[in-house]
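The values are calculated or read from the model by the stated rules, or taken from the named source; none is laboratory data. These numbers come from a predicted model, not from an experiment. Positions of Cβ are backbone-derived with ideal geometry, glycine not excepted, and every protein chain shown enters the neighbour counts.
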Amino acid sequence: MTIKDASQDRKWLLHIDGSSTAQGSGAGIVITTPQGEDLEFAIKFNFKASNNEAEYEALVIGMRMAHEAGA
């Protein structure tokens, strides 16, 4: 009989939300580690972007940040 450790099933989670307004664009990023720790970031872009472009940029940045954090 093999007993599987449920903690081995934990995964990294990446949540993003991009935003675009007349005042500028930015994004929020939350990375959840396998241990349950939330790493929260807010980013303001120095360029005009639509909501979808802001979300895409947040996805790319979030993936890089998660990789650097050990994902």
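Counting only residues that are surrounded by fewer than 15 Cβ atoms within 10 Å (Cβ to Cβ) and acidic (D, E), which one in the range 28-56 is farthest from W12 (Cα to Cα)?
So the residue we want is E40.
For a quick check of your reading of the model, give me the residue pairs whose first member lies in the range 30-41 and is more than 18 Å from G18 (Cβ to Cβ), whose second is surrounded by fewer than 14 Cβ atoms within 10 Å (Cβ to Cβ) and not hydroxyl-bearing (S, T, Y), with beta-carbon atoms closer than 6 Å and at least 6 apart or on different chains.
Matching pairs, first to second residue: T32/D38; P34/R10.
Does F45 fit the bill of being modelled with pLDDT under 95 and under 16 Å from the mean Cα position of the chain (by Cα)?
Taking the combined requirement at face value, the residue satisfies it.
Considering only residues that are surrounded by fewer than 16 Cβ atoms within 10 Å (Cβ to Cβ) and either modelled with pLDDT of 95 or more or under 11 Å from the mean Cα position of the chain (by Cα) (or both), which ones fall in the range 17-27?
Answer for the range 17-27, where residues must be surrounded by fewer than 16 Cβ atoms within 10 Å (Cβ to Cβ) and either modelled with pLDDT of 95 or more or under 11 Å from the mean Cα position of the chain (by Cα) (or both): just D17.
Residues checked against (1) assigned to a strand (DSSP E or B); (2) closer than 12 Å to A69 by Cα; (3) modelled with pLDDT of 95 or more:
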| site | (1), (2), (3) |
| --- | --- |
| K11 | no, no, no |
| H15 | yes, no, yes |
| I29 | yes, no, yes |
| L39 | yes, yes, yes |
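(1) in contact with a Phe, Trp or Tyr (Cβ under 9 Å, 6 or more places away or on another chain); (2) surrounded by 15 or more Cβ atoms within 10 Å (Cβ to Cβ); (3) at pLDDT below 95: which one isn't true of I61, the others all being true?
With (1) in contact with a Phe, Trp or Tyr (Cβ under 9 Å, 6 or more places away or on another chain); (2) surrounded by 15 or more Cβ atoms within 10 Å (Cβ to Cβ); (3) at pLDDT below 95 applied to I61, the lone miss is (3).
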